[in-house]
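The structure under discussion appears below in the form of structure tokens.
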Amino acid sequence: EAFFAQGNTLAGQRVLVTAGGTVERLDPVRYLTNDSSGKMGFAIAEAAKAMGAQVTLIAGRTSAQPPAGVELVRVESAQQMLEAVTERFDTADIVVKAAAVADYRPVKQHGQKLKKNGESLTLELERTTDILQTLGEKKKGQLLIGFAAETEDVERYAMDKLTRKNCDLIVANDVGADGAGFNGDTNIVQLYGPEGLIESLPMLSKREVAQRLLIHAADRMASTRR
Ligand code: CTP
Ligand code: CA
């Protein structure tokens, strides 16, 4: 308890956080992205820093202010995020994948601005690499934390992601609910581990959600003596 009270529960731990939405370019002035604000991931980075961790924040598109005292790496596409995370994965103790990564990107990225031509346009998209699943396949003792953004059947989809991506914790949020999801300063989440539901949190500020999540992470780090 005294250890927690000092705010040192992650002292000496290297924490890697991804945040924000990825940007998938079609041409130099057009792209596909999503509504992620980056606030949840930034709050996690800030809370981890406050708990004594050495923090690297890999951020896509975001409107949030980067916290002080963390290493900030800016990326644009899912592919760039994959590379930035992969480079730093071996030396990380805890990895939190809060980013909203595009599932698809345009097959062709045009070097010049596309000219309009004809009455309709069909865009061909291809799957991006699943970063979290890639990390889950290669992890060696890292505590891997994923997110699950759902609008229905939250528990089933969250547990399915945890298993499929070999995560240690999943933060599920019902992005359709009031007070939860992408743009606000609050969130309503459930934490799942391999054993099932760990805790269902009430509506809290994203900063408080981050703290509660990291306390569970620190607990698991301690109990598995990584
Ligand atoms: N994720 C990732 N790389 C991707 C897609 C998702 O690392 N290409 C990660 C997200 O950062 C998040 C988790 O996977 O931590 C779940 O993302 P989510 O979009 O909820 O799930 P998906 O597996 O993409 O499934 P779907 O969108 O079909 O529900
Ligand atoms: Ca997705």
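Quick rundown of the values:
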read-out: Candidates 152, 199, 137 - the one that is over 28 Å from residue 93 (Cα atoms) and of a type in the set (Asp, Glu); value: 152
read-out: Among the candidates 145, 198, residue that is at pLDDT 95 or above and in contact with a Lys or Arg (Cβ under 8 Å, 6 or more places away or on another chain); value: 145
read-out: Number of the condition not met by residue 128 [criteria: (1) surrounded by fewer than 20 Cβ atoms within 10 Å (Cβ to Cβ); (2) touching an Asp or Glu at 6+ places or on another chain (Cβ under 8 Å); (3) within 21 Å of residue 94 (Cα to Cα)]; value: (3)
read-out: Which listed residue, of 142, 190, 211, 133, is closer than 22 Å to residue 33 by Cβ and not acidic (Asp, Glu); value: 133
read-out: Residue satisfying condition, being within 16 Å of ligand 2 (Cβ to nearest atom), polar (S, T, N, Q) and touching a Lys or Arg at 6+ places or on another chain (Cβ under 7 Å), within set 91, 134, 128, 56; value: 128
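The values are calculated or read from the model by the stated rules, or taken from the named source; none is laboratory data. On a predicted model such as this, the values are computed, not experimentally measured, just so you know. Cβ atoms come from the backbone with ideal geometry, glycine included; neighbour counts cover every protein chain shown.
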